[in-house]
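Taking it in order: structure first as structure tokens, then the write-up.
Just so it is clear, none of the values below were taken in a lab; they were calculated from the coordinates. Keep in mind the model is a prediction, meaning the values are calculated, not measured. Reconstructed Cβ throughout: ideal geometry from the backbone, glycine too, with neighbour counts over all protein chains shown.
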Ligand SMILES: [Zn+2]
Ligand SMILES: [Zn+2]
């Protein structure tokens, strides 16, 4: 399909995205489901009896899994150009981040809630974790699933802070490699088909290899489709 056809399909998807309020309602519903289940699972953590050093080991493993899984979804979305599919308006709006990297400023809590909205895959993941929590599953496995489930939303906040914050605390956490630094994430925006991870970027060495095998990159593909768009510059999830 040529570039003009793709750009037309992109524009049509964005018009649908802005005209049909149901897309925002779906984001809001997904946010409520994700954050609601995360709160339940977070409270459940206090009933666990795990040694502190095992907790930190599982936290490290969960950090890596979260960074990788969310980076993988990001890679899939950046290289997805099915604007005329049922979920086309969600795909098109996702691509606008490359054109307008800075977010609108809101409180961290609101960003956490809003950015949990496009995480459709997280809903079945958290439902499964909640179901498993009702059975006598190993606390180690349950802890890993809960941490991945919560850190997946934290990853979105980490990405937001990387673009929007210069606070000393954030810069310190970035320096400690607990959050994503701009220095690391710049690769994603400046170069092509790399550095998709966005919790702290620790799994990018693996994601970069997978990306080079699976995809041609976004600079000459999805970014060009979005460049033809003349409507609202940013995604409007923040208008919920
Ligand atoms: Zn991207
Ligand atoms: Zn970014």
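Summary table below
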quantity	calculated
Where labels lie 7 Å past Cα in the beta-carbon direction, separation of residue 52 and residue 5 in nm	6.2 nm
Three principal axis lengths of segment 99-240 [C-alpha, angstrom, descending]	53, 38, 32
Of 84, 204, 67, the one that fluctuates the most in a GNM where the chain has Cα springs shorter than 10 Å	84
Length released on extending from residue 109 to residue 42, taking residue separation times 0.36 nm less the Cα-Cα span	22.6 nm
Order of 119, 12 under a 10 Å beta carbon neighbour criterion, fewest first	12, 119
Which of 33, 161, 128 has the fewest Cβ neighbours within 10 Å, and the rest in rising order	128, 33, 161
Segment 3-229: relative contact order as a whole-number percent, Cα under 8 Å and 6+ apart	32 percent
Order of 93, 165 under a 10 Å beta carbon neighbour criterion, fewest first	165, 93
Sum of -39500 (n - 2.57) over DSSP H runs of 4+, divided by residues of the chain (222 nm, nearest 500)	-21500 deg cm²/dmol
Dimensions (Å) - the chain, Cα atoms, principal axes, largest first	58, 36, 36
Segment 102-240: relative contact order in percent, alpha carbon pairs under 8 Å with at least 6 residues between	21 percent
Separation in nanometres of the label points that stand 7 Å from Cα toward Cβ, at residue 22 and residue 178	4.3 nm
Top of 144, 47, 15 by mean-square fluctuation, Gaussian network on the chain, Cα under 10 Å	47
